[in-house]
Amino acid sequence: MASTLSGKLVVAISSRALFDFEEENRLFETGDEAGYMHYQLERVQQPPGPGVAFALVKKLLAFNTDAAQRVEVVMLSRNDPASGLRVFASAQAAGMRIERGVFTRGRDPFGYLRPLGAHLFLSANAADVQQALSMGFPAARVLTESRPAGQHYPQEVRIAFDGDAVLFSDEAERVYQQGGLPAFVQHETELATTPLAGGPFKPLLAALHHLQQQAEASQTMRIRTALVTARSAPAHERAVRTLLDWGITVDEAMFLGGLEKGPFLREFEPDFFFDDQRGHVLSAARHVPAGHVAGLLAASGQEKG
């Protein structure tokens, strides 16, 4: 009988998102394919340092037990297969059970998200992330310069999400771009009881919710989520009611009304934060691991705060 990933939380991740391969990447970008391969093969047994998403992946894999494999992490990389030897060896040295990988030798890897049915794709390559999002997969470009995750919550996977254009659709964000803050507040107040459509990361939040329910009775690992948004009252109501309508809860909600998100994220200590606004991501990366959900609006307009 063929193996299946059905029922698992599937995370596809590039080697640079999982490990600190920045020096290696500089060589890769020179176009010296043979030199890059030789460099990696010489260092197969030299594990690199942790990358931005290392803590997140390590904790998610801790949900797996001998009795139940609930999380699958798959390497999805532009590396060549020979260089992939170092990636797998590094994962093994870190105590990570990662058994599957797709290595495309410089070609676009995002098409393989379809057969994987990935709930999340993390990569340092902006173009790959944009393509994944356009295909309907939750995806973010990791900021490799991000501050590492904290170590105060070893038994909790802690993830923070922006609201509009991340968990929710960009409907309200478009209103803001076109009419400014007064139009946004009026629109959201009038539609307070009308749920927003799901955004690119709704499937990930739903999968995390399912994983938490699966694991509650059997182990100590937990998931804690936070909504961190520039919304404030009265625009907060539609966000809360939308989550209630979905039947998906978050543990914390921060309605910051334009305050800088970074200091609040520093207190929450997420293993990862996702936001569509580049300014917010850059600010957050000074405090926590962060990823940019590069929607069309984020690239073209002003930010709500």
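Got the relative contact order for the chain handy, in percent, Cα pairs under 8 Å and 6 or more residues apart?
It rounds to 19 percent for the chain.
Quantify, in whole percent, the carbon and sulfur part of the accessible surface of the chain (1.4 Å probe; protein heavy atoms only).
51
In whole percent, what relative contact order does the range 32-93 give with Cα contacts below 8 Å and a gap of six or more residues?
About 54 percent, as a whole number.
Return the aspartates and glutamates within reach of Lys8: Cα separation strictly under 19 angstrom, same-chain partners fewer than 8 residues apart disregarded; answer none if there are no such residues.
The qualifying aspartates and glutamates are Asp66, Glu72, Glu99, Glu156, Glu216.
Tell me what the chain gives for mean residue ellipticity at 222 nm when only DSSP H runs of n ≥ 4 count, each as -39,500 (n - 2.57), the sum divided by the residue total, rounded to 500 deg cm²/dmol.
-11000 deg cm²/dmol
The values are calculated or read from the model by the stated rules, or taken from the named source; none is laboratory data. Owing to the predicted nature of the structure, the values given are computational and were not obtained by experimental measurement. Surface areas here come from the heavy atoms of the whole protein model, side chains and all, with no ligands, DNA or RNA. Shrake-Rupley method; radii C 1.70, N 1.55, O 1.52, S 1.80 Å.
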